[in-house]
Structures are given as structure tokens and as C-alpha cells.
Amino acid sequence: MSNESLKVLDKAEKLISEGRIIRISPLMFYVIGDHGRYFVWIDHRGVKCNCQGFKKRGFCSHAIAVLLLLLRKKYRDTLEQGLRKRLQEQLEYMKRGVYPR
Ligand SMILES: [Zn+2]
């Protein structure tokens with residue numbers, strides 16, 4: 001894992017533990033970030049966030065936090081199997097700091 005992706009992962013864990021991820025519908029979340037408030041949602045291609053970092057790099061701590069949360073046992077079982085697999089793959093890419101678009 002690169003230094004940068006480790007930092008992003010740490011930030012994502014912190015967002016979760018501080019209760020800053022608010023689920024507003026099954027696949028839509030509101031995230032209270034350090035520098036702003038963002039929407040993170042899941043569509044057929046995977047996770048999206050409306051922050052600048054995501055636009056630039058294709059991943060961010062907000063999107064990773066939502067993936068970590070959604071892939072926890074209590075939510076994971078409610079996801080359709082294909083989508084669950086795609087989200088799992090995206091999380092693995094983001095953890096490595098690479099994200100093919
Ligand atoms: Zn973001």
C-alpha cells in the first residue's frame with residue numbers, strides 16, 4: 001500500500017468511527033468531511049463521490065468509508081451479488097491507491 005492510500009484509509013476509518021457517514025437511502029450517503037459535506041452514492045458502475053479529490057483521482061476517503069461500511073456484514077447481505085463483487089473490487093483498488101477508469 002502506498003503512503004497516500006494508507007492515509008486515505010485511515011481517514012475513512014475515522015469518518016466511520018466518528019459517525020460522520022449518514023445513510024440517507026439504501027445506496028446514498030451524506031458524508032461530513034474535514035473540508036466539506038459530500039454525497040456518496042452507488043450506481044450500476046460502483047461508488048461515486050462529488051468531492052474534488054474523487055473527480056481528480058477516482059477515489060477518496062469518503063467513497064472508501066462508504067465501501068467499508070457497505071461491505072460490513074449487516075449491510076453486505078442486502079446487496080445484490082454482482083454489485084457486491086464490484087464494490088469489493090473497487091475497495092481493493094482504492095486501498096492500493098490505483099483506480100482504473
Ligand atoms: Zn469524496
Within the chain, considering only helices (runs of 4 or more DSSP H) that don't extend past its boundaries, which have at least 2 residues that are at pLDDT 90 or above? 3-17, 52-57, 61-70, 81-95
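Residue under question is LEU83, and the condition is that it be touching a strand residue (DSSP E or B) at 6+ places or on another chain (Cβ under 8 Å), surrounded by fewer than 19 Cβ atoms within 10 Å (Cβ to Cβ) and of a type in the set (A, V, I, L, M, F, W, C); does it hold?
Values: touching a strand residue (DSSP E or B) at 6+ places or on another chain (Cβ under 8 Å): yes; surrounded by fewer than 19 Cβ atoms within 10 Å (Cβ to Cβ): yes; of a type in the set (A, V, I, L, M, F, W, C): yes.
Here the answer is yes, as LEU83 does meet what is asked.
From the list GLU80, GLU89, which one is under 13 Å from the mean Cα position of the chain (by Cα) and more than 16 Å from the ligand (Cβ to nearest atom)? Walk me through it before giving the result.
Details: GLU80 fails: under 13 Å from the mean Cα position of the chain (by Cα).
Testing whether each residue is under 13 Å from the mean Cα position of the chain (by Cα) and more than 16 Å from the ligand (Cβ to nearest atom) leaves just GLU89.
So which of SER25, SER61, SER5, SER17 is under 17 Å from GLU89 (Cβ atoms) and among the polar types (S, T, N, Q)? Steps first, answer last, please.
Working: SER25 fails: under 17 Å from GLU89 (Cβ atoms); SER61 fails: under 17 Å from GLU89 (Cβ atoms); SER17 fails: under 17 Å from GLU89 (Cβ atoms).
Result of the check over SER25, SER61, SER5, SER17: SER5.
Based on what the data block shows, is LYS73 away from the ligand (no atom under 14 Å from the Cβ) and closer than 19 Å to ASN3 by Cα?
Working: away from the ligand (no atom under 14 Å from the Cβ): yes; closer than 19 Å to ASN3 by Cα: no.
The answer is no for LYS73.
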In region 1-56, what residues are hydroxyl-bearing (Ser, Thr, Tyr) and surrounded by fewer than 11 Cβ atoms within 10 Å (Cβ to Cβ)? SER17, SER25
Taking only region 1-40 into account, find how many residues are of a type in the set (Val, Ile, Thr) and in contact (Cβ under 8 Å) with a residue 24 or more places away in the chain. 5
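Going through LEU6, LEU27 one at a time, which residue ends up being under 13 Å from the mean Cα position of the chain (by Cα) and away from the ligand (no atom under 14 Å from the Cβ)? Please lay out each step first, then the result.
Values: LEU6 fails: under 13 Å from the mean Cα position of the chain (by Cα).
Every option except LEU27 fails the conditions.
The values are calculated or read from the model by the stated rules, or taken from the named source; none is laboratory data. Here the structure is a predicted model, which is why all the values come from computation and not from measurement. Here the Cβ is made from the backbone with ideal geometry for all residues, glycine too, and neighbour counts use every protein chain on show.
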